[in-house]
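A.B. asks: Have a look at the structure that comes next, please.
The values are calculated or read from the model by the stated rules, or taken from the named source; none is laboratory data. Remember, it's a predicted structure, so these values are computed and weren't measured experimentally. All Cβ positions, even for glycine, are placed from backbone atoms using ideal geometry, and neighbour counts span all protein chains on display. Just so you know, the surface numbers come from the protein's heavy atoms only, side chains and all, with ligands and any DNA or RNA stripped out. Shrake-Rupley method; radii C 1.70, N 1.55, O 1.52, S 1.80 Å.
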Amino acid sequence: MATLPSGLPDLVAEAEDLTRFITQTNHFNSTMAKPAAFLPNPKYRNTSVFRCGPDPELILQTWQKTNLGDRPLKAAATCKAGDVRKAGLDAIAKEPPPAHANLEGWPWFANDPDLQKAKQLELAQSIAQKSVLVSVAFP
């Protein structure tokens, strides 16, 4: 099996933890990530995640190494790659940045945006239900 520059295998394992960084307060509440946190970026048609587990310190370190924007990290949601695949999507390693992956395979219906939105929300709901919210506090 090939390895990536980060040292991780190029294939994301079923049991591997995937973390979605959450920068918007309306994408989570006190107990869970909302489906909106997992919806795809329309420009790239995927959802960016990182291959790190639910340890808040590791999440914070990964964020600090890879964040290129100016939005602060509010929380993170961690799920298993297997749960992403059970929902009907795939987790594909995509470096750089180190330990980065994308959730791929979102439905796109150019002629029916309402159906597209409904199908994407259904998949995001499935992932959100299986995810664990991790509160992150900057030192």
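A.B. asks: Against the conditions (1) polar (S, T, N, Q); (2) under 16 Å from Gln129 (Cα atoms); (3) open to solvent by less than 70 Å² (accessible area, probe 1.4 Å), where does Asn102 fall short? Just the number, please.
C.D. replies: The single condition Asn102 does not satisfy is (2).
A.B. asks: For Val136, state whether it is crowded, with 16+ Cβ neighbours inside 10 Å and under 12 Å from the mean Cα position of the chain (by Cα).
C.D. replies: On the way: crowded, with 16+ Cβ neighbours inside 10 Å: yes; under 12 Å from the mean Cα position of the chain (by Cα): no.
Taking the combined requirement at face value, the residue does not satisfy it.
A.B. asks: Listed residues Phe50, Phe109; which is among the aromatic types (Phe, Trp, Tyr) and either modelled with pLDDT of 95 or more or open to solvent by less than 40 Å² (accessible area, probe 1.4 Å) (or both)?
C.D. replies: The unique qualifying residue is Phe50.
A.B. asks: Would you check if Leu18 is among the aliphatic types (A, V, I, L, M) and in a strand (DSSP E or B)? Steps first, please.
C.D. replies: Numbers: among the aliphatic types (A, V, I, L, M): yes; in a strand (DSSP E or B): yes.
The answer is yes for Leu18.
A.B. asks: Say whether the condition of being charged (D, E, K, R), under 23 Å from Pro107 (Cα atoms), in contact with an Asp or Glu (Cβ under 8 Å, 6 or more places away or on another chain) and surrounded by fewer than 18 Cβ atoms within 10 Å (Cβ to Cβ) is met by at least one residue in segment 79-86. Show your work before the answer.
C.D. replies: Within segment 79-86, the first condition is being charged (D, E, K, R), and the residues that meet it are 80, 83, 85-86.
If we keep only those that are under 23 Å from Pro107 (Cα atoms) as well, we get 80, 83, 85-86.
If we keep only those that are in contact with an Asp or Glu (Cβ under 8 Å, 6 or more places away or on another chain) as well, we get 80, 85.
Cutting the leftovers down to surrounded by fewer than 18 Cβ atoms within 10 Å (Cβ to Cβ) gives us 85.
Yes, segment 79-86 contains at least one residue that is charged (D, E, K, R), under 23 Å from Pro107 (Cα atoms), in contact with an Asp or Glu (Cβ under 8 Å, 6 or more places away or on another chain) and surrounded by fewer than 18 Cβ atoms within 10 Å (Cβ to Cβ).
A.B. asks: Give me a count of the residues in segment 21-31 that are open to solvent by less than 70 Å² (accessible area, probe 1.4 Å) and either charged (D, E, K, R) or in a loop (DSSP other than H, G, I, E, B) (or both). Walk me through how you get there before you give the answer.
C.D. replies: Within segment 21-31, the first condition is being open to solvent by less than 70 Å² (accessible area, probe 1.4 Å), and the residues that meet it are 21-23, 27-29.
Those left that are additionally either charged (D, E, K, R) or in a loop (DSSP other than H, G, I, E, B) (or both): 23, 29.
Residues flagged as open to solvent by less than 70 Å² (accessible area, probe 1.4 Å) and either charged (D, E, K, R) or in a loop (DSSP other than H, G, I, E, B) (or both) within segment 21-31 amount to 2.
A.B. asks: Name the residues in segment 36-45 that are open to solvent by 20 Å² or more (accessible area, probe 1.4 Å) and either of a type in the set (S, T, N, Q) or in contact (Cβ under 8 Å) with a residue 40 or more places away in the chain (or both), would you? Give the steps one after another, and end with the answer.
C.D. replies: If we filter segment 36-45 for residues that are open to solvent by 20 Å² or more (accessible area, probe 1.4 Å), which is where we start, we get 36, 39, 41-45.
Answer for segment 36-45, where residues must be open to solvent by 20 Å² or more (accessible area, probe 1.4 Å) and either of a type in the set (S, T, N, Q) or in contact (Cβ under 8 Å) with a residue 40 or more places away in the chain (or both): Ala36, Leu39, Asn41, Tyr44, Arg45.
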